[in-house]
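The values are calculated or read from the model by the stated rules, or taken from the named source; none is laboratory data. Owing to the predicted nature of the structure, the values given are computational and were not obtained by experimental measurement. Because the Cβ atoms are built from the backbone with ideal geometry, glycine has one as well, and the counts that use them run over all protein chains shown. Surface areas here come from the heavy atoms of the whole protein model, side chains and all, with no ligands, DNA or RNA. Shrake-Rupley method; radii C 1.70, N 1.55, O 1.52, S 1.80 Å.
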Amino acid sequence: MKKTDRYIYPAIFTYEPGKEIAIDFPDLKCATSGTSDEDAFLSARELLGCVLNGLEEDGEEIPAPTPLPEIRAKENERVVLVDVYMPSVRLANVNRAVNRTVTLPAWLNAAAMERNINFSQVLQEALKSRLNLG
């Protein structure tokens, strides 16, 4: 089975005063929530990737997304298209190490070595921070 690189599914964002934004993927029968629109969207994207990756790994059929005109939203709901780039999701689930060559000034290398700095750990932490991956 050929794996798709990008999936796009409609999600229903439900807004209620004093509550988190509820997010439902009607085609996938899964839900999540978020504290703001941005948090809700990121939570929805993460859930979408996890669910679809699980379906792929289990060899299950991936349901077709419902066309937008067929989705009826209530007054306090918004239909949002959520996409996920699956190669990134698949790689995130493969936690194997790869070697990279890094060039830095000799004085910085010496100072770091003198303090027993773990270069791999520092680079991983910096990349995670820069990419907002927690």
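Tabulated results
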item	result
Ile8 - accessible surface, heavy atoms, 1.4 Å probe, Å² rounded to 10	90
Residue-level accessible surface for Arg45, protein heavy atoms, 1.4 Å, Å²	80
Distance histogram for the chain (every C-alpha pair counted, 10 angstrom bins, percent rounded to whole numbers)	10, 31, 25, 17, 12, 5, 0
Projected label distance in nm at Glu16 and Ser129, using a 7 Å step from Cα toward the beta-carbon	4.0
Cα centre as origin, Lys/Arg/Asp/Glu Cβ charges: the chain dipole, Debye	620
Estimated inter-spin distance, Glu75 and Lys3, nm [label 7 Å along Cα→Cβ]	4.5
Alpha carbon Rg of the stretch 1-53, scaled by the compact-globule rule 2.2 N^0.38 Å	1.20
By accessible area with a 1.4 Å probe, ligands and nucleic acids excluded, highest first: order of Lys74, Lys29	Lys29, Lys74
